[in-house]
Amino acid sequence: MRRLLALPAAMILAMAALAQLPVEPHPRQLELLESSDPTLAANKRLVFDFWRVVMEAHDVDRAPEFLAATYDEHDPNLPNGRDALLRRLGRLAKKPVAPTIPDLALLTAEGDLVVLGFRREIPDLANEGQTYTTLGFEVFRVADGKIAAHWSSAVKE
């Protein structure tokens, strides 16, 4: 009898183990900027501020503070080069610069790379009308105190 009860219990535990925990934005984003390595801290701050000022607030006039003149773009939905990116963003209305980044769940740095991880809500194709959360990634290479390159987990729109 115990074996018969153990099977359903094991199945329930196995199903619970497969259940996804939702991805949530980091509640204290400014803590993510900290590092015992001053170069990594500076690189993280550069990318964090670039995203808030240029990508979110669309302040293209400040972009040269963050982007190298030889900036390379690897997102399949964006044009290559700093000037092309700024032309595209320049068509968007400026907004106030927020102190944090919407849906930012992760910020890490290693060497000359900085990674931002964003909470993304995706339609669940197996369950019509439902969604699930996952992380979308933005990766930046920093050189000489400027963002020199960008890669994204984006797919073609």
Exercise. Could you tell me which numbered condition Phe118 fails, if it satisfies all but one of (1) crowded, with 17+ Cβ neighbours inside 10 Å; (2) not in a strand (DSSP E or B)?
Key: (2)
Quiz item: Among the listed residues Ala84, Ala41, Ala68, which satisfies the condition of being touching an Asp or Glu at 6+ places or on another chain (Cβ under 9 Å), among the hydrophobic types (A, V, I, L, M, F, W, C), within 20 Å of Val139 (Cβ to Cβ) and modelled with pLDDT under 95?
Solution: Ala84
Quiz item: Got a number for residues in segment 116-135 being in contact with an Asp or Glu (Cβ under 7 Å, 6 or more places away or on another chain) and either of a type in the set (Asp, Glu) or modelled with pLDDT of 95 or more (or both)?
Solution: 3
Quiz item: Going by the structure shown, is Glu138 among the acidic types (Asp, Glu), buried (at least 18 other Cβ atoms within 10 Å of the Cβ) and either at pLDDT 95 or above or over 19 Å from Asn77 (Cβ atoms) (or both)?
Solution: yes
Self-check item: Tally of residues being touching a strand residue (DSSP E or B) at 6+ places or on another chain (Cβ under 6 Å), surrounded by 19 or more Cβ atoms within 10 Å (Cβ to Cβ) and not in a loop (DSSP other than H, G, I, E, B) across segment 51-70
Solution: 1
Practice problem: Could you grab me the full set of residues in segment 141-156 that are exposed (fewer than 14 other Cβ atoms within 10 Å of the Cβ) and outside any loop (DSSP other than H, G, I, E, B)? | Solution: Ala143
Quiz prompt | Where a residue in segment 24-38 is touching a residue at least 60 places away in the same chain (Cβ under 8 Å) and its partner, wherever it lies, is among the β-branched types (Val, Ile, Thr) and not in a helix (DSSP H, G or I), with Cβ under 7 Å and at least six apart | solution = Gln29/Thr100; Gln29/Ile101
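The values are calculated or read from the model by the stated rules, or taken from the named source; none is laboratory data. It should be emphasised that the depicted structure is a prediction, and the values quoted were computed from it without experimental measurement. Here the Cβ is made from the backbone with ideal geometry for all residues, glycine too, and neighbour counts use every protein chain on show.
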